[in-house]
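Written out below as structure tokens is the structure these notes cover.
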Amino acid sequence: MPVMSTPELAERYLMQTGRRLPVTFVRGRGTVLFDESGREYLDLVAGIAVNLLGHAHPDVVAALTMQSQQLIHTSNLYFTQPQVELARRLVELSFPSRVFFCNSGAEANEAAIKLARKWGARNRANAFEIITTAGSFHGRTLATVTAGGQDKYSDPFKPLPDGFVHVPFNDARAVEEATTDSTVAVMLEPVMGEIGVIPAAPGYLESVRSWCDRKNLLLILDEVQTGLGRTGRWFAHQHAGITPDVMTLAKGLGGGVPIGACLANKRADVFEPGDHGSTFGGSPLACAVAATVLGVIERDGLVGHAAEMGELLATATLDLGAQDTRGAGLMRAFQFEEPKAKAFQQSCLEAGLIVNAVDDHSIRLVPPLILTATEIDRAHAIMKKVAG
Ligand SMILES: *Cc1c(COP(=O)(O)O)cnc(C)c1O
């Protein structure tokens, strides 16, 4: 019997929930991945904005090794040092708050949604509705897929939970008009990621923040993709000089190890013992690695570096015949007039470069924060050749 290839095995044994590119990676180092035949690829996707320090970063490997020899998991019935230490660091980097740990972006947003509903029950006469934006992405659980503003992801799973209202992004008036006595919170991505890197327009976050203050609503910012240096600041809301009441993190936090976090300020932090939980959330292993990721970002000045490299990457995408190039820091996208993004992605892959086609027209780049100017030159040369 012939040996089945990895893609053949995947078709036989894995649920077909998404389309995969025809490549099987076996190892990585820094900004580079290697496939089964040992071929090398420069990685500008980083596991979808996850591998902030690239692949097999020595500090991450050391933290994983050390912590796995001490303690991998205990549950949240007990205290562990790595968990409180990580919470302390996140709060010090962001805003006065407390942290709930989970394992993914969707779970972090579920926590934020539950928190908002409990807060509404107490503080706004049982208000429960959350205003979110069309095109947004907040995860794939039933509540978060409903919160997200893309019908194609939620429609097949009706009936959907109540309590989500969608308004156009970058339209503060629309938020005002959608606000009723039932509204409890506004939930936004500071830069919409999944839909193709759409940044908040100047003044938008500020306007929504002051509306939330005026109407006594919570502002929840989903920084699952934008957080932790990605946009050239520690958190994307810092560009606007505002602070949310609730912020969610995940993707980059564990440098590839699954971990999510929901931070809430004193006003919003209404969870009491028994309200919420997670078996795996905030394990000593994930938290020790995440604390190391934060430490390396600080030590190596990677937030400023991401801002600088982002400028270079933006310039490098300007002459690819793309219409629109947009983003902040190392979260970038450009758009072709013709529907050729998927073909562009495939040709780049064949030429040893990993990029992400978010739809038929747009390419997203969310590389590791350790990306260098030389690597940007290399990526540019490949993209230029492929774009023709
Ligand atoms: C990826 C993403 C999520 C979902 O995260 P998962 O870890 O896949 O559940 C939520 N919000 C934003 C903004 C994201 O980019």
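Quick look at the values:
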{"quantity": "Loop sites in the stretch 146-202: GluC sites (Glu not before Pro), DSSP, at most 12 other Cβ within 10 Å", "calculated": "none"}
{"quantity": "Using distinct alpha-carbon pairs, which all enter the 1/r mean, Kirkwood radius of the stretch 103-232 in Å", "calculated": "14.7 Å"}
{"quantity": "Cα extents of the stretch 198-287 along the three principal axes, largest first (Å)", "calculated": "39, 32, 17"}
{"quantity": "For peptides 370-380, 244-254, 35-45, sequence by mean Cβ density within 10 Å, most packed first", "calculated": "244-254, 370-380, 35-45"}
{"quantity": "Cβ-defined net charge surrounding Ala357, 10 Å radius [Lys, Arg +1; Asp, Glu -1]", "calculated": "+1"}
{"quantity": "From phi via Karplus (6.51, -1.76, 1.60), per-residue ³J(HN,Hα) for the stretch 313-318 in Hz, x at Gly/Pro", "calculated": "5, 4, 4, 5, 8, 5"}
{"quantity": "For peptides 152-158, 85-91, sequence by mean Cβ density within 10 Å, most packed first", "calculated": "85-91, 152-158"}
{"quantity": "Ranked Trp119, Trp211, criterion: other C-beta atoms within 10 Å, fewest first", "calculated": "Trp211, Trp119"}
{"quantity": "Within-13-Å neighbourhood charge of Arg214 [Cβ basis; K, R +1; D, E -1]", "calculated": "-1"}
{"quantity": "³J(HN,Hα) computed for each position of the stretch 24-34 - Karplus, 6.51 cos²θ - 1.76 cosθ + 1.60, integer Hz, glycine/proline x", "calculated": "10, 8, 10, 6, x, 8, x, 8, 10, 10, 10"}
{"quantity": "The stretch 61-142 - charge dipole about Cα centre, Lys and Arg +1 at Cβ, Asp and Glu -1, debye rounded to 20", "calculated": "300 debye"}
{"quantity": "log10 of Debye I(q)/I(0), alpha-carbon scatterers only, for the stretch 140-197 at 0.27, 0.31 Å⁻¹", "calculated": "-1.27, -1.36"}
{"quantity": "Relative contact order (%) - criterion: Cα under 8 Å, at least six apart; region: the stretch 22-79", "calculated": "25 percent"}
{"quantity": "Binned Cα-Cα distance frequencies in the stretch 245-388 - 10 Å width, integer %", "calculated": "11, 31, 27, 21, 9, 1"}
{"quantity": "Relative contact order for the chain, counting Cα pairs under 8 Å that sit 6 or more residues apart, in percent", "calculated": "22 percent"}
{"quantity": "Rg/Rh (Cα only; Kirkwood hydrodynamic radius) as it applies to the chain", "calculated": "0.96"}
{"quantity": "Per-residue HN-Hα couplings for the stretch 90-99 [Karplus 6.51, -1.76, 1.60; θ = phi - 60°; Hz; x = Gly/Pro]", "calculated": "5, 5, 5, 7, 10, 8, x, 6, 10, 10"}
{"quantity": "Reduced Cα scattering model of the stretch 6-119, Debye log10 I(q)/I(0), q = 0.15, 0.16 Å⁻¹", "calculated": "-1.04, -1.12"}
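Bear in mind that the values in this text are calculations on the coordinates, not laboratory data. What you see is a predicted model; the values in this text were computed from it and never measured. Neighbour counts are summed over all protein chains in view; Cβ atoms, including those assigned to glycine, are modelled from backbone coordinates with ideal geometry.
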